[in-house]
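Only one structure is covered here, and it is reproduced in the block below.
The values are calculated or read from the model by the stated rules, or taken from the named source; none is laboratory data. Here the structure is a predicted model, which is why all the values come from computation and not from measurement. Cβ atoms come from the backbone with ideal geometry, glycine included; neighbour counts cover every protein chain shown. Side chains are part of the model used for accessible areas, which takes the heavy atoms of the whole protein and leaves out ligands, DNA and RNA. Shrake-Rupley method; radii C 1.70, N 1.55, O 1.52, S 1.80 Å.
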Amino acid sequence: MEPCLENVKSSRKSKEEKKLLRKQIKASHVLLKHEGISTVSQPTQSLVVANGGLGNGVSREQLLAVLKEGGEVETLVMPPHKPYALVTYRSQDCAQRAHALLNSRQLCCGDHSVALYLSFIDSVVSEREACVSLPPGLLVAEDYVTPEEEAVLLDAIDWSSHDDDVTAQKALKHRRVKHYGYEFRYDNNNVDKDKPLPGGLPQPCVSVLERCMNDGHVSSMPDQLTVNQYQSGQGIPPHVDTHSAFEDSILSLSLGAKTVMEFRHPDGRQVAVVLPGRSLLVMKGESRSLWTHGITPRKFDVVPACDPQSRAAVTSDLSNHGNLTLSKRGTRTSLTFRKIRFTPCDCAFPSACDSQRPAPASPPSLPRCPSEAARLEEQYVHRVYDSIAAHFSGTRHSPWPRVCHFLAALPPGSLVADVGCGNGKYLGVNPDVITVGCDHSSVLVQICLERGHLAFVSDALSVPLRSEIYDACISIAVIHHFSTQERRLAAVRELTRLLKPGGRALIYVWALEQEHNKQRSKYLREPQGPSGTASDASVVDSIQETGRPTGNGQLYKEHPAGTEDTSVQVSPGKESSTKLSVHTNRTAFNSQDLLVPWHLKAGGEERRRKEGEKGEGGGGGGPRNTPEPCSNADLHTSVSSPDPSPKTGPVFHRFYHVFQQGELEGLCGRVRGVRVESSYHDQGNWCVILEKTTGDCL
């Protein structure tokens, strides 16, 4: 399987030749392990070029120019987001020449460089993916305005003016925005229809809009314009434009640089649409009202390579891996035109329509007795985790370092109980100890069993294991799900019951203080303006949040992916102080007892089979070797994936009691026969290590 190096003699290889050989062998092993590509020792017409892919920032034009030094290239396949390319030469002699000339060649790609490593393969199989059709009602008209019209339109947008009486201009984190006709308000995700901005739309836009009407793209003249300016690397999360704010047809004119916009259907279908400069995007019907659309923040897009023989590439066809390249983003200005809606929307897509959604359900109250506490936890903890288990497991791969250190320090042969083991990511951390896990969720326990771990279904308040036989116990992100202090205390007592005298337990709970010793936890998002709720069309990133009971009684709210949550507003009254609020994800807590949203991705079971079965440290919900907050809060930016935008699904809510400083130590101090060995704050969690000193822990 090692690369052929016929031009390198088997004896007296130089230091550079030995280094090259090692690099080639390593590249071949990596390709086989991660991509299933087998290299061969004998020369052939085909080569795999490690580090020479679109995923490394190498464009087709750059790579092809280098490869032609070896001779005539017959085919070049560059799969999207992959760090390699596959090339076939017209003859075997050309391939051998390229192999000898180009191995370890440094290729400069903008602000970085890569070293190419070539190995022979039997053949190149280019599997063309099925070409995906555009969403119904979507149209891209290229070259809709002339370069001269483009210049006039850009000049009409005066970014230096800050006269908010005429236009509304905002500098958001990911772009700057200007509104004409009506201002889109980010505080309520709508427009104030009784307060139009004076001046109307810029005059140069009128002739373009009249052309749109003549071409049948709109039936009436738009009266609202939002201008968004994106610099390279900027984007916008997936969103559905607010139904109640605007009529059906939406026009978006792209000026300046080319970009790629991703459209996603709630059932998981995805279409990447290339928007060239001076093109017009028309969204009507299903494409406007049901599919989300967004722009992934990045500096390069994968696009079809321009064919000099044809007028333009098909904007939606990214399926031909033999014709893809990179397009560097520049400054793009979008002019998005809409018609204000003055009547409720009655579209055929009620699941995405804020005009047709039922009134929100009232959030639950804090429990007043043990039976109410059990019912609250059943509805807002147990049922939720069974519903989200596959998706939850797919985002929980990297064990926390300090938990691993606790387990690794145990003597070989120790017995360990993981109470609330989830998907079992800690059950195999130390192979020299005997670990058993339990969890209330039968679905999560099944995942543990499929991974070869010993686990069973159990309530953390009554674990069917013998007392005083375990050398260590861990409880990671469990006790904060109990809704009363008495039940949290009972959970600690049950944990310590299992320990033999001298045994130790590690407990993690979510902290009220997400900033400690001037260090912000990774859970908190970086400070920013209101841009999180804006869209490419400067309309709502999310449909306004409402709630309703599901079939099993859970409260959930529907959001498009990539949106932010807003807290449930409780009407003032005698019981308002006991109502649980809905936490806004990745923000500081404003109460200790709350509901935390979990945005369920569609297709979670299939994703678990593909990703979750890779084992600990596999791809998924975060960068590798970076611990997830054991708060289990839903960080839906799966940035380790080439496609960071999730598929849409319902939003479930889980009960949490977040602990304030000293509360966990005080709780443990109420258990007889144990002492708090140490306590610390770890990425937004309070943590204690207990030692059992006697056999009486009641």
Please find, among Leu101, Leu47, Leu118, Leu107, the residue that is modelled with pLDDT of 80 or more and closer than 23 Å to Lys299 by Cα.
Leu107
Within the stretch 399-418, track down each residue that is under 17 Å from Lys522 (Cα atoms) and open to solvent by 10 Å² or more (accessible area, probe 1.4 Å).
Pro399, Pro401, Arg402
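Only one of Thr146, Thr88 is of a type in the set (Val, Ile, Thr) and open to solvent by 50 Å² or more (accessible area, probe 1.4 Å). Can you tell me which?
Working: Thr88 fails: open to solvent by 50 Å² or more (accessible area, probe 1.4 Å).
Of Thr146, Thr88, the one residue that is of a type in the set (Val, Ile, Thr) and open to solvent by 50 Å² or more (accessible area, probe 1.4 Å) is Thr146.
Taking the criterion of being in contact with a Cys (Cβ under 8 Å, 6 or more places away or on another chain), open to solvent by less than 20 Å² (accessible area, probe 1.4 Å) and not small (Gly, Ala, Ser), would at least one residue in the stretch 354-376 satisfy it? First the steps, then the outcome.
Initial filter on the stretch 354-376 (in contact with a Cys (Cβ under 8 Å, 6 or more places away or on another chain)): 354-356.
Okay, now just the ones that are also open to solvent by less than 20 Å² (accessible area, probe 1.4 Å), so none.
Within the stretch 354-376, not a single residue is in contact with a Cys (Cβ under 8 Å, 6 or more places away or on another chain), open to solvent by less than 20 Å² (accessible area, probe 1.4 Å) and not small (Gly, Ala, Ser).
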Evaluation of Leu54 against (1) at pLDDT below 85; (2) out of contact with any helix residue (DSSP H, G or I) (no Cβ under 6 Å at 6 or more places or on another chain); (3) more than 12 Å from Phe120 (Cβ to Cβ) (one fails), failing number:
(1)
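Surrounded by fewer than 18 Cβ atoms within 10 Å (Cβ to Cβ), out of contact with any Asp or Glu (no Cβ under 9 Å at 6 or more places or on another chain) and touching a residue at least 24 places away in the same chain (Cβ under 8 Å): does that describe Asp386?
Considered against the rule, which asks whether it is surrounded by fewer than 18 Cβ atoms within 10 Å (Cβ to Cβ), out of contact with any Asp or Glu (no Cβ under 9 Å at 6 or more places or on another chain) and touching a residue at least 24 places away in the same chain (Cβ under 8 Å), Asp386 comes out as yes.
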Report, by residue number, each residue of the stretch 306-330 that is outside any strand (DSSP E or B), modelled with pLDDT of 60 or more and either open to solvent by less than 10 Å² (accessible area, probe 1.4 Å) or out of contact with any Ser or Thr (no Cβ under 7 Å at 6 or more places or on another chain) (or both).
Cys306, Asn323
Number of the condition not met by Cys438 [criteria: (1) at pLDDT 95 or above; (2) out of contact with any Ser or Thr (no Cβ under 8 Å at 6 or more places or on another chain); (3) open to solvent by less than 40 Å² (accessible area, probe 1.4 Å)]
(2)
Would you mind stating whether Val463 is within 25 Å of Gln592 (Cα to Cα), β-branched (Val, Ile, Thr), in contact with a Cys (Cβ under 9 Å, 6 or more places away or on another chain) and touching a residue at least 40 places away in the same chain (Cβ under 8 Å)?
no
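Report yes if Arg402 is modelled with pLDDT under 95, part of a helix (DSSP H, G or I) and either on the phi > 0 side of the Ramachandran plot or over 25 Å from the mean Cα position of the chain (by Cα) (or both), otherwise no.
Criteria not met by Arg402.
Does Gly70 satisfy the criteria of being surrounded by 20 or more Cβ atoms within 10 Å (Cβ to Cβ), over 38 Å from the mean Cα position of the chain (by Cα) and over 18 Å from Asp122 (Cβ atoms)? Spell out how you get there, then give the answer.
Working: surrounded by 20 or more Cβ atoms within 10 Å (Cβ to Cβ): yes; over 38 Å from the mean Cα position of the chain (by Cα): yes; over 18 Å from Asp122 (Cβ atoms): yes.
It is true that Gly70 is surrounded by 20 or more Cβ atoms within 10 Å (Cβ to Cβ), over 38 Å from the mean Cα position of the chain (by Cα) and over 18 Å from Asp122 (Cβ atoms).
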Of residues in the stretch 500-518 being open to solvent by less than 10 Å² (accessible area, probe 1.4 Å), part of a strand (DSSP E or B) and not β-branched (Val, Ile, Thr), the one nearest to Val596 (Cα to Cα)
Trp510
Requiring at least 3 residues that are in contact with a Lys or Arg (Cβ under 7 Å, 6 or more places away or on another chain), the strands (runs of 3 or more DSSP E) wholly within the stretch 412-499 are 470-476
Heads up, the strands (runs of 3 or more DSSP E) in the stretch 165-283 (entirely inside) with at least 1 residues that are at pLDDT below 90, open to solvent by less than 10 Å² (accessible area, probe 1.4 Å) and out of contact with any helix residue (DSSP H, G or I) (no Cβ under 7 Å at 6 or more places or on another chain) are 168-171, 176-180, 236-239, 270-275
